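These notes concern the structure reproduced below.
The values are calculated or read from the model by the stated rules, or taken from the named source; none is laboratory data. Source: prediction; values computed, not measured. Neighbour counts are summed over all protein chains in view; Cβ atoms, including those assigned to glycine, are modelled from backbone coordinates with ideal geometry. Ligands, DNA and RNA are excluded from the accessible area calculation, which covers all protein heavy atoms including side chains. Shrake-Rupley method; radii C 1.70, N 1.55, O 1.52, S 1.80 Å.
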Amino acid sequence: MKFAFSTLGVPGLPLPDVLRLAAEHGYHGVELRAHPEEPVHPGLDPARRADIAAEFKAAGVEVLGLAGYARVAAPGDDEPVVAEIRGLLELARDLGAPYVRVFPGGADGQSAEEADAVAARRLGTAAEHAADLGVRILLETHDSHPTGAAAMRVLGLVGHRHVGALWDVMHTWLGGEQPSETYAALSPYLGYVQVKDIASASDTSPLALGAGVLPLAECVEVLSRHGWDGWLCWEYEKRWYEDAAPLPGLLTAGREHLGRLLNDSA
């Protein structure tokens with residue numbers, strides 16, 4: 001498995017500094033938060049996109065994916081959501097990123113069946129564009145669809161190889177799903193896995209990997225037992241928790257912790 005971290009943990013940090021952190025702390029890739037308040041977002045012109053791709057290549061660091069904010073099950077017209085996904089896909093193609101993250105985003109008062117159908121319709125529409133560009137759309141286990149079982153309902157309806165799943169280990173745990181159950185649901189669709197740690201279900205402030213309650217060892221063991229060799233990406237939610245410890249000082253210990261889990265599961 002290869003290790004990455006998300007720029008959600010270093011809000012607004014210039015890309016040269018992000019790349020330096022990845023290289024110095026032994027991470028193979030970076031998940032880029034695609035938002036206007038960050039250095040990377042769909043509003044970038046072609047020249048800047050080319051420069052960013054060249055910076056990553058020169059540093060020997062991969063762009064794992066773009067963490068977008070399209071909510072595919074949200075009520076409303078399809079076209080704005082599909083257009084948002086297409087913009088992310090084109091940015092990913094230009095940067096050489098294999099994945100784009102989207103959220104479910106179903107609303108209160110919406111039935112599960114309706115949310116599933118809306119999400120599947122939009123993802124199916126965007127899937128052909130994704131295929132043309134060589135990028136996969138990943139539906140994260142999050143908000144209205146926090147578990148692998150919930151995400152699988154949507155992905156089964158879509159049935160397209162360019163639409164898959166992003167396993168966020170916190171949300172599946174909060175949803176009461178065991179790692180073996182999540183893997184069984186998502187394995188046909190799995191793009192990569194977001195790891196993190198928290199103190200409890202009621203306190204989701206980010207902690208150093210291994211310092212909290214999330215079943216990281218079990219997740220890695222399940223993945224290893226099934227021969228999965230993809231990416232583990234540390235999503236440290238510093239952007240939403242200003243009092244959390246700075247991520248740079250935790251990166252080496254985090255990589256070492258993941259390495260130990262891999263060794264123990266071998």
Out of the residues in the range 188-226 that are touching a Leu at 6+ places or on another chain (Cβ under 6 Å) and assigned to a strand (DSSP E or B), state the one that is farthest from Gly159 (Cα to Cα).
-> Val195
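Among what's in the range 42-64 and is open to solvent by less than 50 Å² (accessible area, probe 1.4 Å) and out of contact with any Gly (no Cβ under 9 Å at 6 or more places or on another chain), pick the residue that is farthest from Ala92 (Cα to Cα). It would help to see each step written out before you state the result.
Quick first cut of the range 42-64, residues open to solvent by less than 50 Å² (accessible area, probe 1.4 Å) only: 44, 49, 52-53, 56, 59, 61, 63-64.
So of that shortlist, the ones also out of contact with any Gly (no Cβ under 9 Å at 6 or more places or on another chain) come out as 44, 49, 52, 59.
Numbers: Leu44: 12, Arg49: 9, Ile52: 11, Ala59: 18 Å.
So the residue we want is Ala59.
Of the residues Asp264, Asp229, which single one is free of Cβ contacts under 8 Å to residues at least 60 places away in the same chain, among the charged types (D, E, K, R) and either under 23 Å from Gly65 (Cα atoms) or in a helix (DSSP H, G or I) (or both)? Steps first, please.
Numbers: Asp229 fails: free of Cβ contacts under 8 Å to residues at least 60 places away in the same chain.
Going through Asp264, Asp229 in turn, just one is free of Cβ contacts under 8 Å to residues at least 60 places away in the same chain, among the charged types (D, E, K, R) and either under 23 Å from Gly65 (Cα atoms) or in a helix (DSSP H, G or I) (or both): Asp264.
For the range 172-187, which residues satisfy the criterion of being part of a helix (DSSP H, G or I) and open to solvent by less than 30 Å² (accessible area, probe 1.4 Å)?
Hits for the range 172-187 are Thr172, Pro179, Thr182, Tyr183, Ala185, Leu186.
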For Tyr69, are the conditions met, namely being within 18 Å of the chain's Cα centre (by Cα) and assigned to a loop (DSSP other than H, G, I, E, B)?
-> no
Filtering the range 69-113 down to residues that are in contact with a Pro (Cβ under 8 Å, 6 or more places away or on another chain), among the hydrophobic types (A, V, I, L, M, F, W, C) and surrounded by fewer than 18 Cβ atoms within 10 Å (Cβ to Cβ) yields Ala107
Would a scan of the range 235-243 turn up a residue that is outside any helix (DSSP H, G or I), open to solvent by less than 50 Å² (accessible area, probe 1.4 Å), aromatic (Phe, Trp, Tyr) and farther than 20 Å from Ser265 by Cβ?
-> yes
Taking only the range 22-37 into account, find how many residues are of a type outside the set (Gly, Ala, Ser) and either buried (at least 21 other Cβ atoms within 10 Å of the Cβ) or in a strand (DSSP E or B) (or both).
-> 5
Within the range 103-146, work out how many residues are within 25 Å of Gln178 (Cβ to Cβ) and in a strand (DSSP E or B).
-> 6
Checked Val195, Val163, Val154 against criteria (buried (at least 19 other Cβ atoms within 10 Å of the Cβ) and touching a His at 6+ places or on another chain (Cβ under 8 Å)); the one match is Val154
Ala53 is checked against (1) over 26 Å from Arg122 (Cβ atoms); (2) assigned to a loop (DSSP other than H, G, I, E, B) and fails just one. What number does that condition carry?
-> (2)
What tally of residues in the range 45-70 results from selecting those that are in contact (Cβ under 8 Å) with a residue 40 or more places away in the chain and under 25 Å from Val193 (Cβ atoms)?
-> 9
